[in-house]
Amino acid sequence: MTASNSQGVWNQTDASLDLVVLPAYYQTNWFRFFCVVVLIALLWALHRWRVHQLKSQEKRLREAVETIPAMTFTTLSDGSHTFVNKRWTEYTGLSVEQSSGAGWQRAVHPEDLVRHSEKWRNTVATGQLFEDEARFRRADDGEYRWFLVRGVPLRDPHGKIVKWYGTLTDIEDRKRAEQEREKLRELEADLAHINRVSMMGEMAASFAHEIKQPIAASITSANSCIEWLAESQELG
């Protein structure tokens, strides 16, 4: 370093001076470390918040599923059951574990099982909406009741099925009403047939009565003729 005095005389020998410039706080290693720690903490807090949010949504969804007036289920893309709600377990007596996979079929009426299962497999293979009616066994008394089963697929953005969601709605009262209406129609048909037969009988009786009188008169006339002929022969 060189310098001059007030008279303009410069020093002949250079002088040296060491200067140390301290870094700003944001340039220090401890600040960088602190920023990394804060970033990690923020990411962890964001992750925990997201997990809490998803759990809250899942809880609300589960509460909604458990309270709807129908049995519900979810399956994998291949149609194997993974979840059933509380109404299903209470009605069928089958737990979630017992109903998983193809275990749910134990609740289906034997006469409906083949048809219902085959239709479900075809729906899973084609990806179409599912709707069918089948009887399911009630665990309390062993009674089979009719249910309307519906299933819809959940697809990813590429259109691939990732899950199935379905419901079972009790239609026993409707089926019984349909059966009663069918019996009523059969009874009305039988009554109409009886009425037709009765009317035919009455017509036959009336017709017999109508033709009976002319025939009787003809027989009387014929007998009179025979008697007259007989008398004529005796006189002759």
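Listing for the model above:
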| read-out | value |
| --- | --- |
| Cα-based convex hull, segment 63-111, per residue volume (Å³, whole number) | 85 Å³ |
| The chain: DSSP helices with Cα axial extent of at least 27 Å and average Kyte-Doolittle hydropathy no lower than -0.5 | 29-67 |
| Top of Ala24, Ala192, Ala70 by mean-square fluctuation, Gaussian network on the chain, Cα under 10 Å | Ala24 |
| Segment 108-147: GluC sites (Glu not before Pro) in DSSP coil with no more than 16 other Cβ atoms inside 10 Å | Glu143 |
| Segment 87-155 - accessible surface per residue (Å², probe 1.4 Å) | 55 Å² |
| Given charges at beta-carbon only (K, R positive; D, E negative), |dipole| of segment 85-165 in Debye | 280 debye |
| Projected label distance in nm at Asp173 and Lys55, using a 7 Å step from Cα toward the beta-carbon | 4.1 nm |
| Against the rule of thumb 2.2 N^0.38 Å, how large the Cα Rg of segment 26-157 comes out | 1.62 |
| Surrounding net charge for Ser100, when Lys and Arg each add one and Asp and Glu each subtract one, Cβ distance under 13 Å | -1 |
| Ratio Rg/Rh [Cα only; Rh per Kirkwood] for segment 86-184 | 1.02 |
| With all protein chains modelled, accessible area of Val197 [1.4 Å, Å²] | 80 Å² |
| Per-residue SASA entry for Leu76, accessible area with 1.4 Å probe, Å² rounded to 10 | 80 Å² |
| Calculated [θ] (222 nm, deg cm²/dmol) that DSSP helices of n ≥ 4 give over the chain, each run adding -39,500 (n - 2.57) | -20000 deg cm²/dmol |
| Candidates Ser80, Ser224, Ser95: whichever shows maximal mean-square fluctuation once the chain is modelled as a Gaussian network with Cα springs under 10 Å | Ser224 |
| Charge dipole of the chain about the Cα centre (unit charges at C-beta), most positive-ward option of Thr72, Gly142, Met199 | Thr72 |
| Positive-end residue, the chain charge dipole about Cα centroid, Cβ charges, pick of Ile171, Leu43, Gly159 | Leu43 |
| Paired Rg and Dmax values of the chain, which use every Cα atom, in angstrom | 49.2, 206 |
| Net charge dipole size for the chain [Lys, Arg +1 and Asp, Glu -1 on Cβ; Debye, nearest 20] | 1880 debye |
| Rounded to the nearest 20 debye, dipole of segment 5-96 from Cβ charges on Lys, Arg, Asp, Glu | 520 debye |
| With every protein chain in place, segment 20-160: carbon and sulfur % of accessible area (1.4 Å) | 61 percent |
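The values are calculated or read from the model by the stated rules, or taken from the named source; none is laboratory data. Remember, predicted model here, so these are calculated numbers, not experimental data. Cβ: placed from backbone, ideal geometry, glycine included. Neighbour counts: every protein chain shown. The protein model used for the area step is the full one, side chains on, heavy atoms only, and it has no ligands, DNA or RNA in it. Shrake-Rupley method; radii C 1.70, N 1.55, O 1.52, S 1.80 Å.
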